[in-house]
Amino acid sequence: MTKKNKVVVGFDLGNDYSQISYCRQDQSMPDTVSLVMGEEQYNIPTLLCKKNDAAGSTAWLIGNEALKTAKEGQGTLVEDLLVLAKNNTSVKVGTDSAAEEALTAEYLLELFVRKALALLSAYIVFEDIAAVAFTLKEMDTGVMEMLRTVFMRVGQRKMEIYFLSHEDCFFQYMIHQPQEMWIHDVLLYDYRNSGIDSHLLTMNRKTNPVACFIETANYPQMQIPTLADRTEMSKSAFYKQLDSMLLDIVRKNCDQRVITSVFLLGEHFSKDWCRDSLKYMCRGRRVFQGNNLFSKGACYGARERVYPSTLSGAYVYLSEDKLRANIGMTCDQGQTEVYYPILDAGTNWYEANNTFDVMLVKNNTITLNISPVDGRKTRVARISLEGMKVRGNKTNRVGLRFYMEDANAVQIEITDKGFGEFFPSTGQVWKECLPLEAIT
C-alpha cells in the first residue's frame, strides 16, 4: 500500500455534536463528512438511541436518526455522552423498568465512536486509515484514557491515536493556509450554546522555530435564550443588543492590534443580526464563516505526526499545557559527541513520554540540556545518582523514563539495570521532579 493511499482522520468530539474530517497524505485540504451528500451538514449530534422492534431485536442509532427515532417513541435516547465519560457514570437504558440494563459510559462512548467512524465508509476504505486525532474542548485525562481504551477495540493496531486541544487545531489549521491569511494576528470566535469562546493567535517571528501563542477568553453573556414565545419586535430588539455586545467584544480584541483574518465558527452567527459587527470585522481584514475548522485542524495535526512537513520544524505552538523548552542530553557516540533529544518543545504534557537506556562512563551524574524556545540561553540540569559506583568500563547501564502527570512538572525515573550476569542490577531507582518553572 503506497503512502498516497493512507488517510488521517480528525474527530471533533463534543458533548452536543461531533464532526469528522479526513485527508490523504498528498491532499492539500481535508474533507468533512456530511450527513447529506452534496450538502454541508457536518454536525453529528453526539447521542445514541436504543431502538427495539416488535420482534425483540435491538439496534443502536446515532445522530439525527437517533433523535428522530426517539421523537417517534420507538427507542430510548442517551445524551451527554462526554459528561458521562468524564464522570465515568453508568446509565440504565431500556423501554421499561423490567428491560432496563445498566450500561457503562465506556460502552456507550465506544458505540458512538464506532458508528460515527463507520460514516467514513462512504468516502474512504477503513483499512487505509493511518491515524485518528481526537479534539476535545476540554482535555480531560479520564476521557482521553477511555478513548484510548475504546480505540484499541474500534481501530486497528496499525492505526495511531492522537489528542489535540481546540487551540492546537486552530494553530494547525492556520499554518496550513496561505501565509497571506496569517501575516499578522488571527482571531477566531467559536459560538456555542454556552456563549462565545475567542481565540487570538499571535506569533513571535524572531525565534527559531517561530513561537506561536493563543489567548483564549469566554463571553457567556452572548448566550442566546429561547425566543419562541417572543414577539417579532422583541426578537429584533434582542438581536440588535446582541450585535452591539459582539461589536464591543470585537473592538476590544482588535484594539491596538493588526488582525489579518477573523474566523466565525458556529451556526449562531448570521448576517441577519450581526451586521454592524461584520461591517467592523471586514475593515481591512478577511472574514471567514463555517463550523468545521477544528476537525480539519485535527486532521492536519494527525498528518504532521504521521508525515511531518517542514512546517513542523518551522512553527511551534506553546500553551500552558505544552513544554516551552527542548530537553535533551549530550552523549558519546564513538569518538564524537551527539545531541540526543528527549522531550520536544510544543509537546502536550499528556503526550510527553520517552524511555531509553544509557551507559554511565565518567561519573554518576545525568546532565540535561534545557533550551527554551523564547530565545533565552540554554541551561543545564544535573541529576546525581546517589549510591551508584561508576566502574568506568561501560558496564553501568541505567534506564531513563521521562513523563508528565500534569502540566506543572516533568517526572524523571532512573533505574539501575546492571550489565548482564557480570554486574547484576542493584534494583535502585532514583526519582526526580523537574518543575516547569525551572525550564521556561
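Could you sort the peptides 18-25, 62-69, 219-226 by per-residue average Cβ neighbour count (10 Å cutoff), highest mean leading?
Highest mean packing first, the order is 18-25, 62-69, 219-226.
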Q) Given N residues in region 200-270, what is Rg(Cα) / (2.2 N^0.38 Å)? A) 1.52
Q) Just the C-alpha atoms of region 107-148: what Rg/Rh do they give, with Rh taken as the Kirkwood radius? A) 1.00
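Within the chain, which DSSP H helices have Cα atoms that stretch 15 Å or more along the helix axis and a mean Kyte-Doolittle hydropathy of at least 0.0?
Helix filter hits for the chain: 105-118, 141-154.
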Q) In units of 2.2 N^0.38 Å, what is the alpha-carbon radius of gyration of region 288-393? A) 1.42
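Volume per residue, Å³, of the convex hull around the alpha-carbon atoms of the chain?
208 Å³
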**Q.** Long-range amide H partners of residue 291 with built H, under 5 Å
**A.** 266
(Q) Whole-Hz ³J(HN,Hα) for each residue in region 12-27, computed from phi via Karplus 6.51 cos²θ - 1.76 cosθ + 1.60 with θ = phi - 60°, x for glycine and proline: what do you get? (A) 7, 9, x, 6, 8, 8, 10, 9, 10, 10, 8, 7, 7, 4, 9, 8
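Sort 162-171, 137-146, 34-43 for me by packing, meaning the mean count of neighbouring Cβ atoms within 10 Å per residue, highest on top.
Ranking the peptides 162-171, 137-146, 34-43 by packing returns 162-171, 137-146, 34-43.
How big is the Kirkwood radius of region 234-280, worked out from every pair of different alpha carbons and given in Å to one decimal?
Working: mean 1/r = 0.0871 Å⁻¹.
About 11.5 Å for region 234-280.
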Q. With every protein chain present, what is the per residue accessible area of region 362-440 (1.4 Å probe, Å²)?
A. 59 Å²
Q: Please list the non-local residues whose amide H lies under 5 Å from the amide H of residue 396, H modeled 1.01 Å from N, same-chain partners needing a gap of 5 or more.
A: 360, 391
Q. Ranked from highest to lowest mean number of other Cβ atoms within 10 Å per residue, what is the order of the peptides 337-348, 107-118?
A. 107-118, 337-348
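Just the ratio, please: alpha-carbon radius of gyration of region 1-80 over 2.2 N^0.38 Å, N its number of residues.
For region 1-80, the normalised Cα radius of gyration is 1.40.
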(Q) Heavy atoms only, 1.4 Å probe, whole protein assembly: order 199, 268, 184, 176 by accessible area, highest first. (A) 184, 268, 176, 199
Q) Tell me, what is the 1.4 Å probe accessible area of residue 257, in Å² to the nearest 10? A) 90 Å²
Q: May I ask you to list the lysines whose Cα is less than 30 Å away from that of residue 362, ignoring any residue fewer than eight positions away on the same chain?
A: 377, 389, 394, 417, 431
Q. Which of the listed residues, 392, 36, 284, is farthest toward the dipole's positive end in the chain, when Lys, Arg count +1 and Asp, Glu count -1 at the beta-carbon?
A. 392
Q.
Along the charge dipole of the chain, pointing to its positive end and built from +1/-1 on Cβ of Lys, Arg, Asp and Glu, which listed residue (10, 340, 182) has its Cα farthest out?
A. 340
(Q) Can you give me the accessible area per residue for region 24-103, using a 1.4 Å probe, in Å²? (A) 58 Å²
Q) With charges set only on the Cβ (+1 for Lys and Arg, -1 for Asp and Glu), what does the dipole of region 149-285 come to about its Cα centre, in debye to the nearest 20? A) 220 debye
**Q.** Charge dipole (the chain, unit charges on Cβ, about Cα centre) - positive-most of 358, 263, 152
**A.** 358
Q | region 46-161: Rg to Rh, with Rh as the Kirkwood radius over Cα pairs | A | 0.99
**Q.** Protein accessible area in region 2-77, 1.4 Å probe - carbon and sulfur %
**A.** 48 percent
Q: Give me the accessible area per residue for region 155-240, probe 1.4 Å, as a whole number in Å².
A: 50 Å²
Q | Of all accessible heavy-atom area on region 329-411, the percent that carbon and sulfur account for (1.4 Å) | A | 44 percent
Q) Sequence-distant or interchain residues sharing an amide H contact under 5 Å with residue 6, placed H: which? A) 25
(Q) Straight-line reach only, C-alpha to C-alpha below 23 angstrom: list the lysines that residue 158 could link to, leaving out same-chain residues fewer than 8 apart. (A) 3, 4, 6, 115, 296
Q.
I'd like the carbon and sulfur percentage of the solvent accessible area for region 248-309, probe radius 1.4 Å, heavy atoms only, ligands and nucleic acids excluded.
A. 42 percent
Q | Cα point-scatterer Debye curve for region 171-234, base-10 log of I(q)/I(0) at q = 0.18 Å⁻¹ | A | -0.75
Q) Karplus couplings for region 385-402 from phi (6.51 cos²θ - 1.76 cosθ + 1.60, θ = phi - 60°), rounded to Hz, Gly and Pro as x? A) 8, 4, x, 8, 9, 8, 7, x, 10, 6, 10, 9, 9, 10, x, 10, 10, 10
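The values are calculated or read from the model by the stated rules, or taken from the named source; none is laboratory data. Just so you know, these numbers come straight off a predicted model, no measurement behind them. With ideal geometry, Cβ positions are generated from the backbone for all residues, glycine too; neighbour counts draw on all protein chains shown. Remember, those area values only see protein heavy atoms, side chains included, never the ligands or the DNA or RNA. Shrake-Rupley method; radii C 1.70, N 1.55, O 1.52, S 1.80 Å.
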